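The structure appears right after this line, and notes come after that.
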There are 2 protein chains.
Amino acid sequence: MNFLAKIYVTLKASVLDPQGTTVTHALHAQNFLSVSDVRVGKYMEVTLSAQSKEEAATLVRDMCDQLLTNPVIETYTFELTEAQS
Amino acid sequence: MNFLAKIYVTLKASVLDPQGTTVTHALHAQNFLSVSDVRVGKYMEVTLSAQSKEEAATLVRDMCDQLLTNPVIETYTFELTEAQS
């Protein structure tokens, strides 16, 4: 079975986000003054095959821990849906 | 009222994603051979104040069109939730 994993990676709340600060300033410069905060993260769509949803979830967790995220400063969540083969 | 907008930016399906290809190769090199495709996008959390959810949605759309995304090669979706002040 094929699965689509939508992975959301964000900086931990305690970690400074200079990219987000820059975007906030840029929005203010464009007159979006109601914006008080921006945090920038990553979004990944991974297509993978696995025997079951549980196996797919385990694989996605392993990928995130080993390669896709930096566990020191980032956290992640993901959603798994079955995809057409 | 304060709102939190979760914005997901992805490359259009017709646009090549070299970063995603690189991640796919890296995953294969780490023995995640069941991965067939990776697309990399951006994820942003924007905190803003507005009178109503409709006004907030209009603001977020304007921000995305004018600054946060490149409408030539990217598409976006967003979710709005009310946040604590």
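The values are calculated or read from the model by the stated rules, or taken from the named source; none is laboratory data. Since we're looking at a predicted model, the values are computed, not measured. Neighbour counts run over all protein chains shown; Cβ positions are idealised from the backbone, glycine included. The accessibility values were calculated without ligands, DNA or RNA, using every heavy atom of the protein model including side chains. Shrake-Rupley method; radii C 1.70, N 1.55, O 1.52, S 1.80 Å.
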Going by Cα centres, the stretch B:1-16 and the stretch A:1-47 are how many Å apart?
9 Å
Give me the distance in nm between label points sitting 7 Å out from Cα along the Cα-to-Cβ direction at residue B:82 and residue B:53, one decimal.
0.9 nm
Just B:26, B:13, B:56 to compare: in a GNM of chain B, with alpha carbon springs under 10 Å, which one fluctuates most?
B:26
at residue B:70 the sorted inter-copy label distances (label 7 Å from Cα on Cβ side), in nanometres, are 2.3
Prolate/oblate/rounded call for the protein assembly as shown, Cα gyration tensor, a/c under 1.5 rounded:
prolate
What is chain B's relative contact order, in percent, from Cα pairs under 8 angstrom and six or more apart in sequence?
54 percent
What part of the accessible area of the protein assembly as shown, given as a whole %, is carbon or sulfur when the probe is 1.4 angstrom?
52 percent
Just to confirm, what accessible area per residue do you get for chain A at 1.4 Å probe, in whole Å²?
55 Å²
Total accessible surface hidden between B and A, rounded to 100 Å², 1.4 Å probe:
2600 Å²
Taking only the alpha-carbon atoms of chain B, what semi-axes of the equivalent ellipsoid follow from 5 times the gyration tensor eigenvalues under a square root, in whole Å, largest first?
33, 15, 8
Considering only the label points, 7 Å along Cα→Cβ from Cα, what distances in nm to one decimal separate residue B:18 from the same position in each other copy, shortest first?
2.4
Threshold 50 Å² - residues in the stretch A:54-74 whose accessible area is reduced by that much or more when the chain is no longer isolated, probe 1.4 Å
A:63, A:67
Tabulate in residue order the Karplus-calculated ³J(HN,Hα) for the stretch A:59-66, using 6.51 cos²θ - 1.76 cosθ + 1.60 with θ = phi - 60°, rounded to whole Hz; enter x for Gly and Pro.
4, 5, 4, 4, 4, 5, 5, 8
With residue B:80 itself left out, Lys, Arg at +1 and Asp, Glu at -1 over residues whose Cβ is under 12 Å from its Cβ give -2
